[in-house]
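Read-outs throughout are calculated quantities, based only on the coordinates presented, and are distinct from any laboratory measurement. Note that the structure is predicted; figures quoted are calculated from it, not measured. Glycine also receives a Cβ, built like all others from the backbone with ideal geometry; neighbour counts cover every protein chain displayed.
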Amino acid sequence: MPAILLHLLAAALYAGLAAFFWRTRWRGAVLAQPLAGLQRWERAVLLAALALHGLTLGQEIFADGAMRFGFSVALSLMLWLAITLYWIESFYARMEGLQMLGLPLATICVLLPALFPGQHLLTKADSPAFRAHFLMAMLAYSLFTLAAMHALLMAVAEKSLHKGRLSPLLAGLPPLLTMETLLFRLIHTAFLLLTLTLLSGVFFSETLFGKALSFNHKTIFAILSWLIFGALLLGRHLYGWRGRQALRWTLAGFVALMLTYVGYRFVLEVILGRVA
């Protein structure tokens, strides 16, 4: 099947599900909305979209026997992993509101590699050290993406509750305290993976290139995001940070993390027109 067709089919499934959930979950009176989570056929369609999305990623990243990775594939992979984790999490917790954020974003991101096909060729991609570093980095990115979506959803829910309004979308969410617990569970796991990513980055640099990790802007933003999330977790443990303060720190750390690789590659590939 042609690559562009896979992109379009995956995007169509994501967009179709988003439209269906909007009509059946997020419109009308609150009491008229179903309280059940994802139905079996809805899980199956979402799984099919994820499978097609995964196929597009395999074709884009491992084209011509090499490993290529640019800003468009990075965003696509992050959303694919985030939606996959959401699909798994939906068996244990109802987070219906994430569909509002995740599915439209996934629709856009699955098309990005087709719209911006030039990808950076990764060197030393066959090294086990590099593969471990890459896997941990992408898992950290995807978990922080999921955490950022949780934070945005919590901010909307908290604002709506203060105004005394309860939309159909928010009616299907767990209590804010439950959402906050889940948010910090995500951040704890992602922070551990980010820590391992930074440590493996030092090891990878010294092992393959014989020099310490370069302190370029990518490294600086990676360390900055690590410090922000570390401060958030420390503040949570020592001072009980929660609510808007925790949400602001979460989103600030996520923005810094996006500037680490995605922002850097976007400037090079789109603004400057450089793939190497």
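Could you tell me the relative contact order of the chain? Use alpha-carbon pairs under 8 Å, at least six residues apart, and round to a whole percent.
Reported as a whole number, the value is 23 percent.
If I stretch the segment between TYR239 and ALA125 completely, what's the gain in nm (0.36 nm per residue apart, minus their alpha carbon distance), one decimal?
Computed gain between TYR239 and ALA125 is 36.8 nm.
Please compute the length gained on full extension between ILE4 and LEU135, using 0.36 nm multiplied by the number of residues separating them and subtracting their Cα-Cα distance.
44.6 nm
Hey, rough spin-label estimate for LEU115 and THR195, points 7 angstrom out along Cα→Cβ, what's it come to in nanometres?
Taking the simple label geometry, LEU115 and THR195 are separated by 3.8 nm.
Size of the dipole of the chain about the Cα centre, Lys and Arg at +1 and Asp and Glu at -1 on the beta carbon, nothing else charged, in debye to 20?
Dipole of the chain, to the nearest 20 debye: 660 debye.
Points 7 angstrom from Cα along the Cβ direction at PHE62 and ASN216: gap in nanometres?
2.7 nm
Which entry in (i) 62, 53, 32; (ii) 56, 54, 50; (iii) 52, 43, 42 matches Cα extents along the principal axes in Å derived from the coordinates of this structure?
Looking at Cα extents along the principal axes in Å for this model, the match is (i).
Want the number for THR178 to VAL267: 0.36 nm per residue separation, take away the alpha-carbon distance, what's left?
Using 0.36 nm per residue and subtracting the Cα-Cα distance, I get 28.2 nm.
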